[in-house]
Each structure stands twice: as structure tokens, then as C-alpha cells.
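Chemist: Let me begin by handing over the structure; questions about it come next.
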Amino acid sequence: MRSRQRRGGGERASPTAPTAWLALATLAAAVALLPIAYLFVRALERGPGVVLDVVWRERTVALLLRSLALGGAVTAVCLVLGIGLAYLTIRTDLPGRRAWTVIAVLPLAVPSYVASYVWVSFAPGLPSFAGAVLVLSACSYPYVFLPVAAALRRADSSTQDVARSLGDGPWRAFARVTLRQVRHAAGAGGLLVMLYVLSDFGAVAIWRFDAFTRVIHASYRSSFDRTPAAVLGLLLVLLTIAITLAETRTRGRGEPARVGSGAAAPAAPVPLGAWRVPACLAAAGVAVVSLGVPAAGLLYWLARGSSAGTDVDVLAAAVATTLSVAVAGGIVTLALALPVGWLAARHHGRAAVRFIEHATYAGHALPGVVVALSLVFLGVRYAQPLYQRTPMLVLAYVVLFLPLAVGAVRASVAQSSVRLEEVARSLGRPPRRVMREVTLPLAAPGVAAGALLVVLAAMKELPATLLLHPTGMDTLATRLWTFTDAGAHAAAAPYAAGLVLLAAVPALLLGGALPAARGARAPARAGRAAVTEQEAMAP
Amino acid sequence: MTMNAHVSRRRATARLAATAAAAGTAVLVLTACGSGSSGSAAGSSTAGSSAADQGGPLTIYSGRNETLVGPLLADLEESVGTEVAVRYASSSELAAQLLEEGEQTEADLFFSQDAGALGALAEAGLLTGLPEDAVSTVAAAYRDADNRWVATSARARVLAYDPDQVSTPPDSVDALLEPAYAGKVAYAPTNASFHAFVTALRIDRGDEAAKTWLERFAANRPQAYESNVLVLDAVDSGRAAIGLINHYYWHQKVAEVGADQVSARLHYLPAGDPGALVNVAGAGVIAGSEQEQAAVAAVRFLLGTRAQQYFADETAEYPIISGVRTTKHDLQPLEQVQGFEVDLGRLDSLDKTLVMLDEVGIT
């Protein structure tokens, strides 16, 4: 049997990180850092003076504050909506809980630019900040809902019962016990929301809210000067690093995995009592804002206009292309995210691992156009045969969406107790078999969810797809852009509807995976059962 | 219990593996289909071409929308006799992409929505001079001094107005500063054509007066929108009384939803008013293009009567050569629209405009 090493004081025992995984994770980090290398080249090409000029502009400080305000407000709203809806659907006797679970995930299928366009026509008088917060919150709260709902399902509700039995009221028990149980999940989801908001262009452009991305775009658009855009991009990277570090702090210590003996008690739903009706209304209100209004807008445009004679072949080709490049993006991103997420969960004490994990997040707040231009710059010079071919587009999706998968892998590996792996090893399993037979099966649902998130995001992606797609190949998003850019909303509507319906498939899979977990019980428990049983059957 | 958990876990893993395998296969198949259909983007049919012996198709980066110029570029492919591949995106993003690609670019021709992007590429040395005889039909005001780009069509800045709110539209941009229009004027402050209007204002009246105009304009609480399309929507729905747009957006909207569905009307300001500026779309050949001959032939095609008639009829723009008139639209003759000259490709002038807008707080 292999000897184990103990690292870093209180850290849990674990075998040395396999070199192959470290190498793969390093590769993933290097890929994620590509845009930043490009930004340095561009930012510094006219000397450090220009950099300082841009940084010290009064407007840059205002931009920073405005972007943070927008990100903070949307994250706060998403935390309230995500945690609130997750609690209502998982822990209470809300009528129609399963349906609400699925509905709460579906807004991920609505691109922020589609929702913004509909909302700006529907409520043009809304101030730009309010409009941007409304739409971005409606589109991105599922990033909080999903991990929190999963965590609530897994967490033992009996601790909450204990708190109640010790005299806590329902609110107090919720605050003291339940919120703590979902802290990690909510933090990870909130981080994704924050970074997504910083990177989003569609919503801030349509609502005309001056955030980093809008000014970066304006810099390309009006003056064709890439240096200020690059400097602002680098500031955005610094901001991202600061935010990720802050989020890591909130993770704190403590084992998120269930390892206690005994069956997890089937949670007795908390009765809502008089709160039933307000709770239903709240859930319905969120659904109307995030799904109802965009759907009504699309139907209105579908029904209107003479240009709606849609070429079904073109639509079908766009669906096929969107599906293929997005799924390819999901698979490749997952392959690179697996080693990073696994190391981050199991070896987070090591500085190199922490660096790798943060590196994969560093560029996540960059607008798509910046990532696209960085791959244009590098691709045309160093990978000419792949330039404007499918692999380069897939690479763009990897760079853009790696953290979505890394976060999911890390969370799901962390939730399966390392003790189960120790048991397997102590019974003579070599590390590779432990990985294959214990770690991966335990983490599989979370890992698959990460891949689905990437597929969803890639389907909706526009700026990088426009610049990097193979010539003559269109996705639903690029077709949609073609028509909206020309003001042909009726012609655009079938593509918008097609995109939302197609993206609803991975969204439904994500939502559907939650009720399935209920039957299978907590993954950690089931996995443990699998190990013990295998061991029991072994001679 | 443990048995069940074990079995269900196994099953879940198997299902996951099967899904992944199926997805992977689908990707391979679909990608193969996708790459098979790529290549000739301008038209469904590839013209019997001599492209093969010249190495690669004529690649056009088009900042002009596919719904506007797609059919024209299909005609171009046929006329030039070389396979054409078109990549569509916004002009500014394509300009940034071309600047990043530098000499390595596969693009041969840049077809831009506005002159600013062409000016930027010319300044960066990415465009090559066009032969004089190819562009001689175009007035000097509508091409680069060194012929590195040439306008292919023109559009006028106009006022779109809501007849329910405005009975007689104003005859000067100065009227927009009056209290009667407070909060009722819609515009697109980040749009290149609005920037061109401000540049015209500066040239016409000097920087001091232009700045004062902008300050008073901003103080009159105009409604800002992200695009000309949204500005016209605002006027059409009555949210705004007057909108600053390019003339052809109105014609596009009429073509899209029908004349009876559009309540907004167009008003041309008199020649000499900076609000009556003429903007252009244009094209330039990329320096070092392996298809330079075909690219120049493409420019000749775009300046020929067939393409010019297309612009006049299908996109409701002004032809850039004389002798071509629209058969479909009610357009004021170009000569009556503009009363002064603006060097549309000059970036140093654009930079001053942007600084001024930033100072006034219009962004």
C-alpha cells in the first residue's frame, strides 16, 4: 500500500497530487490566461504612460464604482432569489415544488440581450441601472439557485429540526442552520453571477448603463484604439482576482461532505401555513419577470411583421451548428476543468493548486469581444491552420466558460468525503482505481451539471462566435444578431425562439437532475454505500 | 438499501457515459456536416471559378448586414468570377479584428458600414491604394485622398418625427434645443453616424459653438438609445416626438412591417444644416491581398450601375455615382442634402468629437 503524506497542518490526509493531473490543470490555467497575455501586449505597446493616463482618468474610477455597484446589486438580488426559491422548493410544502424547481432553472435559457430587448420595449421608462439589475438578476439567479438547491437536498435537515427543538423560531433556525449549510454553494454561485455581470455586454448596452464592458466596446467602436480597451480589460482582471480571493475567504473551513452514519432522514417539509399564498405569488412573480415577459415579447414578434418568412433549412442548420459547437465546448471545457476542480477540492492547501484555480477564473469577467480578439491575435500568429476553424471557436468557449465547470467539479468532489477514498485505499485500491470507482462516480452528477452549464453559456455566446466561427457557418446567436442588427425583429424572432428552446434542453436537464437526486439520496451516502458494498463483496 | 443505492449509482454513471458518448458522436457528425457546408457564403451556388488556381476564395469582411447586402454579394461573386467567402460582423469589430490580424489576415476586401473604420485601417497601413480609373466616377469628397478606400453608397441624416406630436417639423437642428422638445428627442449617442453629425457641427460652427450646442442639447433631456433602430422604434411608438437617424432605417422598417404599420415620418433638414449631413458606407482592398485583382474587380462591381441600382432600390440608400436613380423610394436628390464637406475618414477629427462628447457627458 502507498504511504500517505500529510500536508499543511490541519489539512485532511491525501495522497500526493498525481503529476499527470497537475500537468493537465496547469495546461488549463495556461489556456485561461491566454487573453491576459494578449492584454499585456496591447496595454503596454504605447508605453506605461498611456496605461497610467487611462487608469487615472476620472471616468475610470467612476466606471469601477458603477460596475461594482451593478455587480453587487445583481449578486445581492440573485442571492435572495436563489436561496429563497431553493429553500421554498426543497424544504417547504410549497404547492407544485417540482414544477417550480424546473421553472427556476429555465431563465438560464434566455440570453440577457433577448430579455433586455423585450424589457426595454416593454418598460422603456425604467432607469438604466434598474433595468440592467432587473434583467441581469432575472437571467442569472439560477447560478445561485442550482448549487443552493443541490446543497439543501444533500444537507441534513435534521440539524434544523434540532435547532427548532432547542427553541429557535423558524426564521432563526433558517438563519442559524440552513444558511450556514448553503454558505459554500451560495458563495460559489454568487461569484459566478458577479463575474458574469462584469462581463455581460448585451444588457448594459441595451440599457445604456456605463459599465466596463460598454466602455471597452465604445473604445473599439469609436476610436479604433485598442490600448485603452486593453488597460480597462486588465483592470477588470485585477478586479476579478480580488473578488475571487474574497470569495475564497468566505469558504472558510469545515467539511461540506456528509459522512455521518445512519440514513439521512427524509426531510419533513416545513409547513408554510399562512405564508403559502405569498410564497406562491413570489415564485410566480419571479417566473413572470424572468420567463413570462421575454416569452410574451418573442410571441409578439413571431406574430407580427412581413419578414417572418423563415427559411427552415437555414434555421435547422443553425440549430445543428449551435448544438455541435456548444456540446464540443462543453466536453473540452469539462476535460480541462476536471483536473483543476479535483485538485482544488482535494489539494487546496497547496499554493500551486490555489494559483491554478484562481488563474482559471482570472479572465472570466472579460467581455467576449476581448477574449475573441486575444484569440484572433494569438491564433493568426501561432495557430494559423486552426484560425477561424471550429477548434479555435471551441477553444474560445473553453477560455470563456472554464470557471463554470471548475466550480461545479470542485463543489461536487468536495462534497464526496475524502474518507471514502481513504477507505477504498486502505482496502488496497490503487489511486487510479479509487479515482475511477469512487471519486468520479460520486462527483458525476455535479460534473455533468458543470458541463451542461458550459453548453448553455456557449449556445448563447455571440461576440466571440462572430469573430471566430468558420466562414459560412452560423449559430442561432449569430443569425439572431444578423436580423436584430438590421432591425428585422420579426425575422429575428424564430431564431430567438429557437435559441431559447434549444437552450431550455440543458436547462431542463439541470433542473431535472435535482428531483432525481431526491430519489438517490445524498451522493456521498450512496457513494459510501457503493464502496462498502464492493468491499464487502471482495474476498 | 445499500444494494439499491449501489445499483442506481451505477445506472446513473452508465447513463452519463452513454449520454457523453452520444453527445460526442453527435458533435463529430454535426461538425463534419457543418464544415462541409462552409466556404461559399455569398450565394448558395459557387460560380464556375478560377479561384482554385489562384489559391483560396476572395474573402470579404463585411460590416454591412447580411440581410442588406447578401444578395448583392452573391451577384458580385458571379460577376467577378471568383469564389467569394463573406464574414459578417459589425464594422468596428471587424476593423479591430483586421488590426489584430495584421499581415496574416485572409481578408481581401473590407466592406464597411461607415467611413471611420476604413479611415482607421488606412491609417494603420492595412489598405492599399485603388487604381484611379476604378474610383474616378466617385466625387473626391467620397473617397480617401490616396484612394485607399472609396464610398459605395451614401445616407442622409434626417429627423424622424411623430406626426401626432409634431405638426410642422423644424427646419434646423437648433429647434431641438427649444423647451417645446424637452425630453422628446431620441438619439443614439454611441452611433458612428451621430459622431459624424457632431463632427459636422464642429466644422460648421467651430468647437466653442458646437460644445455650447451639445450642452444645451444635453440639458434638454434627450432620450438616449443604443441604436438607430431603437430610436426609430421610440418615435414610431410615440415615446419620442423626434428622432435623429439615418434616412434608410425608416425605409427598412417600412419594408419590414409595412407602410401602414409605421406612423413615424421623415423630414430632411435643408442643405447647409449640420443635421443634414451625408454619411457613407465604403470599401477598401487589404494590403498584401493574394486576391488583389479580384478585390479591385469587386470594388469596380460595387461602383457599377448594377450594384448602385441595388443600393438605390433595395437598401434605399443614395447611389454614389451620378446617373443612377431609385425606382422604388421617395429620396431627395443627394445634391440637395449636404451643404459642406466633412472628411469622413479622418480620425483625428473624430477623436476631438469623442473628447467633446465625453466632456459634455453624452456617451
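Chemist: I'd like to verify a number: residues in the stretch A:124-162 that are within 15 Å of A:PRO269 (Cα to Cα), part of a helix (DSSP H, G or I) and aliphatic (A, V, I, L, M), how many? So that I can check it myself, show each step before the final result.
Modeler: Step one: list which residues in the stretch A:124-162 are within 15 Å of A:PRO269 (Cα to Cα), which gives A:149, A:152-162.
From the residues that got through so far, the ones that are part of a helix (DSSP H, G or I) too are A:149, A:152-154, A:158-162.
Of the ones still in play, those that are also aliphatic (A, V, I, L, M) are A:149, A:152, A:162.
Final tally of qualifying residues: 3.
Chemist: Something else now. Return the total of residues in the stretch B:93-152 being in a loop (DSSP other than H, G, I, E, B), over 22 Å from A:SER222 (Cα atoms) and more than 14 Å from chain A (Cβ to nearest Cβ).
Modeler: Adding up the residues that qualify gives 9.
Chemist: Kindly indicate whether any position in the stretch A:233-256 is within 14 Å of chain B (Cβ to nearest Cβ), crowded, with 22+ Cβ neighbours inside 10 Å and modelled with pLDDT of 90 or more. Before the answer, list the steps.
Modeler: As a first pass, look at the stretch A:233-256 and keep what is within 14 Å of chain B (Cβ to nearest Cβ): A:233.
From what is left, the residues that are crowded, with 22+ Cβ neighbours inside 10 Å are A:233.
Among the residues that remain, those that are also modelled with pLDDT of 90 or more are: A:233.
Within the stretch A:233-256, one or more residues are within 14 Å of chain B (Cβ to nearest Cβ), crowded, with 22+ Cβ neighbours inside 10 Å and modelled with pLDDT of 90 or more.
Chemist: Can you find a residue that is crowded, with 17+ Cβ neighbours inside 10 Å, modelled with pLDDT under 95 and more than 19 Å from the chain's Cα centre (by Cα) anywhere in the stretch A:134-152?
Modeler: no
Chemist: Turning to a different aspect of this structure: Return only the number of the condition from (1) facing chain B (nearest Cβ under 10 Å); (2) at negative phi; (3) modelled with pLDDT under 90; (4) part of a loop (DSSP other than H, G, I, E, B) that A:THR471 does not satisfy.
Modeler: For A:THR471, the failing item is (3).
The rows are residues; the columns are (1) within 21 Å of A:ALA464 (Cα to Cα); (2) buried (at least 24 other Cβ atoms within 10 Å of the Cβ); (3) without any contact (Cβ under 8 Å) to a residue 24 or more places away in the chain.
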position: A:ALA372; (1), (2), (3): yes, yes, no
position: A:LEU404; (1), (2), (3): yes, yes, no
position: A:VAL409; (1), (2), (3): no, yes, no
position: A:SER416; (1), (2), (3): no, yes, no
position: A:ARG425; (1), (2), (3): no, no, no
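Chemist: Could I ask something else about it? Between B:SER49, B:SER44, which is more than 13 Å from chain A (Cβ to nearest Cβ) and modelled with pLDDT under 95?
Modeler: Exactly one residue qualifies, and that residue is B:SER49.
Chemist: Name the residue, out of B:ASP233, B:ASP273, B:ASP260, that is of a type in the set (Asp, Glu), more than 30 Å from B:ASP358 (Cα to Cα) and at pLDDT below 95.
Modeler: It is B:ASP260.
Chemist: Only one of B:GLU93, B:GLU123 is without any contact (Cβ under 8 Å) to a residue 40 or more places away in the chain and in contact with a helix residue (DSSP H, G or I) (Cβ under 8 Å, 6 or more places away or on another chain); which?
Modeler: Numbers: B:GLU123 fails: without any contact (Cβ under 8 Å) to a residue 40 or more places away in the chain.
Criteria check complete, one pass: B:GLU93.
Chemist: Among A:LEU22, A:LEU88, which is the only one that is part of a helix (DSSP H, G or I), over 23 Å from A:ALA185 (Cβ atoms), within 24 Å of the chain's Cα centre (by Cα) and at pLDDT below 95? Outline the logic, then answer.
Modeler: Working: A:LEU88 fails: over 23 Å from A:ALA185 (Cβ atoms).
Just one listed residue meets the conditions, A:LEU22.
Chemist: Return the residues of the stretch A:484-539 that are facing chain B (nearest Cβ under 10 Å), under 26 Å from the mean Cα position of the chain (by Cα) and at pLDDT 75 or above; say none if nothing qualifies.
Modeler: Scanning the stretch A:484-539 gives a single hit, A:LEU509.
Chemist: Between a first residue in the stretch A:209-236 that is closer than 16 Å to A:GLU45 by Cα and a second residue that is of a type in the set (A, V, I, L, M, F, W, C) and assigned to a loop (DSSP other than H, G, I, E, B), which pairs have beta carbons less than 6 Å apart while being 6 or more apart in sequence or on different chains?
Modeler: A:GLY233/A:LEU366
Chemist: OK, next. Evaluate the following for B:VAL285: is it touching a strand residue (DSSP E or B) at 6+ places or on another chain (Cβ under 8 Å) and outside any helix (DSSP H, G or I)?
Modeler: Taking the combined requirement at face value, the residue satisfies it.
Chemist: On the basis of being of a type outside the set (Asp, Glu), surrounded by fewer than 19 Cβ atoms within 10 Å (Cβ to Cβ) and in a helix (DSSP H, G or I), does A:LEU70 make the cut?
Modeler: no
To keep it simple, each residue is scored yes or no on (1) closer than 30 Å to A:VAL204 by Cβ; (2) crowded, with 24+ Cβ neighbours inside 10 Å.
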{"residue": "A:ALA295", "(1), (2)": "yes, no"}
{"residue": "A:ASP311", "(1), (2)": "no, no"}
{"residue": "A:VAL325", "(1), (2)": "yes, yes"}
{"residue": "A:ALA335", "(1), (2)": "no, no"}
{"residue": "A:HIS358", "(1), (2)": "yes, no"}
{"residue": "A:GLY363", "(1), (2)": "yes, yes"}
{"residue": "A:VAL369", "(1), (2)": "yes, yes"}
{"residue": "A:GLY379", "(1), (2)": "yes, yes"}
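Chemist: Pick from A:LEU476, A:LEU442, A:LEU462, A:LEU456: which is touching a Pro at 6+ places or on another chain (Cβ under 9 Å), in contact (Cβ under 8 Å) with a residue 60 or more places away in the chain, crowded, with 24+ Cβ neighbours inside 10 Å and more than 9 Å from chain B (Cβ to nearest Cβ)?
Modeler: The match here is A:LEU456.
Chemist: If you don't mind, another one. Which residues, taken from the stretch B:234-254, are buried (at least 20 other Cβ atoms within 10 Å of the Cβ), closer than 24 Å to B:PRO333 by Cα and within 11 Å of chain A (Cβ to nearest Cβ)?
Modeler: B:ILE245, B:TYR248, B:TYR249, B:TRP250, B:HIS251, B:GLN252, B:LYS253 - these are the residues of the stretch B:234-254 that are buried (at least 20 other Cβ atoms within 10 Å of the Cβ), closer than 24 Å to B:PRO333 by Cα and within 11 Å of chain A (Cβ to nearest Cβ).
Chemist: What number goes with the only condition from (1) over 17 Å from B:LEU344 (Cβ atoms); (2) crowded, with 18+ Cβ neighbours inside 10 Å that B:ALA283 does not pass?
Modeler: Just one mismatch for B:ALA283, condition (1).
Chemist: Could you tell me whether any residue of the stretch B:317-331 is touching an Asp or Glu at 6+ places or on another chain (Cβ under 6 Å), buried (at least 18 other Cβ atoms within 10 Å of the Cβ) and closer than 30 Å to B:THR59 by Cβ?
Modeler: No - not one qualifying residue is present in the stretch B:317-331.
The values are calculated or read from the model by the stated rules, or taken from the named source; none is laboratory data. Just so you know, these numbers come straight off a predicted model, no measurement behind them. Cβ: placed from backbone, ideal geometry, glycine included. Neighbour counts: every protein chain shown.
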